[in-house]
1. Taking the options Lys340, Lys394, name whichever one is away from ligand 2 (no atom under 16 Å from the Cβ), under 18 Å from the mean Cα position of the chain (by Cα) and of a type in the set (Lys, Arg).
2. Given the conditions (1) closer than 20 Å to Cys233 by Cβ; (2) in contact with a helix residue (DSSP H, G or I) (Cβ under 9 Å, 6 or more places away or on another chain), report the number of the one that Phe335 does not fulfil.
3. Just to verify a result, which residue in segment 298-335, among those that are aliphatic (A, V, I, L, M) and within 16 Å of ligand 2 (Cβ to nearest atom), is farthest from Ile274 (Cα to Cα)?
4. If you go through segment 195-217 one residue at a time, do you hit one that is over 21 Å from Thr339 (Cα atoms), of a type in the set (Asp, Glu), in contact (Cβ under 8 Å) with a residue 40 or more places away in the chain and within 13 Å of ligand 1 (Cβ to nearest atom)?
5. Which numbered condition in (1) within 23 Å of Pro73 (Cβ to Cβ); (2) part of a helix (DSSP H, G or I) is the only one that Arg33 fails?
6. Out of the residues in segment 312-325 meeting the condition of being open to solvent by less than 10 Å² (accessible area, probe 1.4 Å) and more than 14 Å from ligand 1 (Cβ to nearest atom), tell me which one is nearest to the chain's Cα centre (by Cα).
7. Within segment 274-284, is even one residue under 23 Å from Ala343 (Cβ atoms), away from ligand 1 (no atom under 13 Å from the Cβ) and either touching a Pro at 6+ places or on another chain (Cβ under 8 Å) or open to solvent by 60 Å² or more (accessible area, probe 1.4 Å) (or both)?
8. Tell me, which helices (runs of 4 or more DSSP H) lie completely within segment 62-157 with 2 or more residues that are touching a His at 6+ places or on another chain (Cβ under 9 Å) and open to solvent by 10 Å² or more (accessible area, probe 1.4 Å)?
Amino acid sequence: MAFKSLDDLLAERVSGRGVLVRSDLNVPLDDDRAITDLGRVIASVPTLQALSGAGARVVVAAHLGRPKNGPAPEFSLAPVARALGEQLGRPVQLAGDVVGSDALTRAEGLSDGGILLLENIRFDPRETSKDDAERLALATQLVELVGGDGAFVSDGFGVVHRKQASVYDVAQLLPHYAGNLVAAEIRVLEQLTSSTEQPYAVVLGGSKVSDKLAVIENLATTADRLVIGGGMCFTFLAAQGVPVGSSLLENGMIDTCRRLLDTYGDVIALPVDIVVAERFAADAEPQTVPANRIPDTRMGLDIGPASVQQFTALLSNARTIFWNGPMGVFEFPAFAAGTKGVAEAIIAATGNGAFSVVGGGDSAAAVRQLGLPENGFSHISTGGGASLEYLEGKTLPGIEVLNG
Ligand code: ADP
Ligand code: MG
């Protein structure tokens, strides 16, 4: 990759200089707006720490969720500012607006090493506008916050596949650098695509085939094994003519799945047993049935133990593994064993020298929630959509622009 790194910026003068950082702080919140997974906050710390430590006046842009109608308290970054301050061991100011008078006043008042988090960048509809001029107008206002000799550090890997004002357009206005997180993520994805040691096994799960069709198509041609579980496996099972009860099913994707099975039948592995229940609930009674015997009145919420065993065997000799998407509804303990079992198989393969990458927000959350060792994997990506698009072979606008 041709982009300049954070180290390149630090080698220049940064003390007293305004540096705009795009971070990915899009964390999951519970009903009380408490952060349930700090992964992305923690992953954003090294770049911010380095800049602050070098005396930069750091202005951070980030989003939370998908606010549709401008500022809304339930999408405020306030809990994130607090958590970030705790992780950094120094206070993080939160601006009351995005690029308004409060942000401007606070940015101008920043001391060397000070950190200001702008309010949710998506409160400004220009951030995600399809109109280049609108995005440019917001980007220009962001640049004003760091002044004429400012710099831009792109560290929000989870958004680099988006052509958005704080990701793409600002990089065209300021000297730009890849932050440590973006650089690390790209290094790993390059290793996954350009120097893939074989056998290469891909594990896909999660809720929908339609979300991941492009990556399935692409990885089916490069992987030696494509193991499919999670909610998406039922559309594949249905394509084989098997009844799937009230399981998650995408009728519009059945033909596509049939074609994939016809073309890549020797690469794709589907579960042989399924843990079913009467309803989608944590306290629903789990029952394991063969994958071709799902009762009409039951829904599949996890892969069964025989599937875990079969998938474990398929993963055991892999040299490279990419995993995206939980094998079941891991949020319910009674339906988490499939995800846990497959994760343990990947950890075991990693222990035997395989290079393993976990991509996907929910997959990463599952690793932490199930108490699995994060360092059991070679890399856990912070950006599900971004890593999938990279693996689909798409160019990521937020990376492309850093190369210019
Ligand atoms: P990731 O974020 O890792 O890419 P996805 O967002 O595609 O993963 O999917 C994660 C979600 O899929 C989880 O919330 C999980 O509960 C759900 N899921 C997995 N298996 C099933 C299933 N059998 N039925 C319904 N939902 C499922
Ligand atoms: Mg997800």
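1. When all the criteria are applied, what remains is Lys394.
2. Going through (1) closer than 20 Å to Cys233 by Cβ; (2) in contact with a helix residue (DSSP H, G or I) (Cβ under 9 Å, 6 or more places away or on another chain) one by one, Phe335 breaks only (2).
3. Val329
4. The answer is no; no qualifying residue exists.
5. (2) is the only condition that Arg33 fails.
6. Among those that are open to solvent by less than 10 Å² (accessible area, probe 1.4 Å) and more than 14 Å from ligand 1 (Cβ to nearest atom), it is Ile321.
7. no
8. Output list is empty.
The values are calculated or read from the model by the stated rules, or taken from the named source; none is laboratory data. Since we're looking at a predicted model, the values are computed, not measured. For neighbour counting, all protein chains shown are included, and Cβ atoms are generated from backbone atoms with ideal geometry for every residue, glycine included. Just so you know, the surface numbers come from the protein's heavy atoms only, side chains and all, with ligands and any DNA or RNA stripped out. Shrake-Rupley method; radii C 1.70, N 1.55, O 1.52, S 1.80 Å.
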